[in-house]
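*Asks:* Okay, here's the structure, questions in a sec.
The values are calculated or read from the model by the stated rules, or taken from the named source; none is laboratory data. This one's a predicted model, so the numbers in the text were calculated from it and none came from an experiment. We place every Cβ from the backbone using ideal geometry, glycine too, and count neighbours over all the protein chains shown. The protein model used for the area step is the full one, side chains on, heavy atoms only, and it has no ligands, DNA or RNA in it. Shrake-Rupley method; radii C 1.70, N 1.55, O 1.52, S 1.80 Å.
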Amino acid sequence: MVPTGFHVGVRAVSLHDADLLAPDERLFTTSMSDVRRAEFASGRALLRDLTGAAGPIMRRPNRAPDLPAGVVGSLSHDRRYAVAVITRRSDVSAIGIDIEPTGGAALSDAEATLIVRHDDVVPSPLATFVMKEATYKAWSVLGGPVLEHHDVRVAHDDGRFEASVLDPSSPSPQTTFNGTLVRTSDYWIALVISATDNSAQARRPGV
């Protein structure tokens, strides 16, 4: 699922990781519930392990982790696990990863309608959500504006997918991302890796 030059990490979410937070990170979590604080703390502990960062890893305006210079990465978590992917490859401008448990509550018909377009080619509404969330994370790191789920069209085929961010002012997609979708016994996992030539496209106005 992950090519050469990338590093993947998984960490069980635990409130004990809150003891490892840097002072600025700890201050950032003061208004969070214990569940949310545990997710944040374990995610930061995982990112420090992967990047070797000594200082705090705060949040960018787009909510992505503010990683050390030269590091590109993405983080996802639920109440059980934090998962992250990072790279220092210069030909990669953004990464998006998302996970969702397969055993959770099924999406309602109304929720599925908000996520799945009529022309999406996808295995399930939940898988569609995961693919589009991973795409949005990569898109936002590149400077793209906020997206709705219907702003992204997904075509999935045998574990791989193409996600096109649609430009309402043009019949052509604004930016296209390639990704991988994996289903384990417990999770859907989607990963998008964006090459450096996607950056300028994502910053174009339109969506």
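*Asks:* Can you work out ³J(HN,Hα) from phi for every residue in the stretch 69-77, in order, using Karplus 6.51 cos²θ - 1.76 cosθ + 1.60 and θ = phi - 60°, giving whole Hz and x for Gly and Pro?
*Replies:* In residue order, the calculated couplings are 4, x, 10, 10, x, 8, 10, 9, 7 Hz.
*Asks:* Which residue, chosen from Val13, Ser76, Gly55, occupies the Cα position most advanced towards the positive end of the dipole of the stretch 12-157, where the dipole is computed from +1 (Lys, Arg) and -1 (Asp, Glu) charges on Cβ about the Cα centre?
*Replies:* Positive-end residue among those listed: Gly55.
*Asks:* Follow-up question, since we're still on this one. Determine Rg/Rh for the stretch 155-197; Rg is computed over alpha-carbon atoms and Rh is the Kirkwood hydrodynamic estimate from the same atoms. Each step should come with its number before you reach the end.
*Replies:* Numbers: Rg = 12.7 Å, Rh = 11.7 Å.
Radius of gyration relative to Kirkwood radius: 1.08.
*Asks:* For the chain, what is the Kirkwood hydrodynamic radius in Å, using each pair of distinct C-alpha atoms?
*Replies:* Details: mean 1/r = 0.0569 Å⁻¹.
Final number for the Kirkwood radius of the chain is 17.6 Å.
*Asks:* OK, next. Can you work out ³J(HN,Hα) from phi for every residue in the stretch 5-13, in order, using Karplus 6.51 cos²θ - 1.76 cosθ + 1.60 and θ = phi - 60°, giving whole Hz and x for Gly and Pro?
*Replies:* Per residue, the Karplus-derived 3J(HN,Hα) values read x, 10, 10, 10, x, 10, 9, 5, 6 Hz.
*Asks:* Further question: What length, rounded to one decimal in nm, is gained on full extension from Ala155 through to Ala110, with 0.36 nm per residue of separation minus their alpha-carbon distance? Intermediate values should be presented prior to the final figure.
*Replies:* Working: separation 45, 0.36 × 45 = 16.20 nm, distance 2.12 nm.
My answer for the length gained is 14.1 nm.
*Asks:* Tally Lys/Arg at +1 and Asp/Glu at -1 over every other residue whose Cβ is under 15 Å from the Cβ of His7; what's the total? Write down the numbers at each step before the final one.
*Replies:* Working: positive: Arg11, Arg48, Arg88, Arg89; negative: Asp49.
Once all neighbours under 15 Å are counted, the net charge is +3.
*Asks:* For helix 125-141, what angle does its Cα long axis make with the longest principal axis of the chain, in degrees from 0 to 90 and rounded to 10?
*Replies:* 70 degrees
*Asks:* Sticking with this structure for a sec: In the stretch 59-207, what percent of the accessible surface is made up of carbon and sulfur (1.4 Å probe, ligands and nucleic acids excluded)? Please list the in-between numbers first.
*Replies:* Numbers: 3650 of 7250 Å².
Percent of accessible area from carbon and sulfur atoms in the stretch 59-207: 50.
*Asks:* With +1 assigned to the C-beta of every Lys and Arg and -1 to the C-beta of every Asp and Glu, and no other charges, what is the dipole magnitude of the stretch 66-113 about the Cα centre in debye, to the nearest 20?
*Replies:* Dipole of the stretch 66-113, to the nearest 20 debye: 320 debye.
*Asks:* Relative contact order of the chain, please, whole-number percent, based on alpha carbon pairs below 8 angstrom and at least 6 residues apart. Numbers along the way, then the final one.
*Replies:* Numbers: 410 pairs, mean separation 38.2, N = 207.
RCO, the chain: 18 percent.
*Asks:* On to the next question. Taking only Cα atoms, what is the 0 to 90° angle, nearest 10, from helix 34-51's long axis to the longest principal axis of the chain?
*Replies:* 90 degrees
*Asks:* With a probe of 1.4 Å, find how much accessible area the chain has per residue, and write the answer as a whole number in Å².
*Replies:* Numbers: 10290 Å² over 207 residues.
Using a 1.4 Å probe on heavy atoms only, each residue of the chain averages 50 Å².
*Asks:* Turning to a different aspect of this structure: Report the local net charge at Ile86: Lys and Arg +1, Asp and Glu -1, summed over other residues whose C-beta lies under 12 Å from its C-beta. Could you put the intermediate results ahead of the total?
*Replies:* On the way: positive: Arg48, Arg88, Arg89; negative: Asp49.
Charge balance near Ile86 sits at +2.
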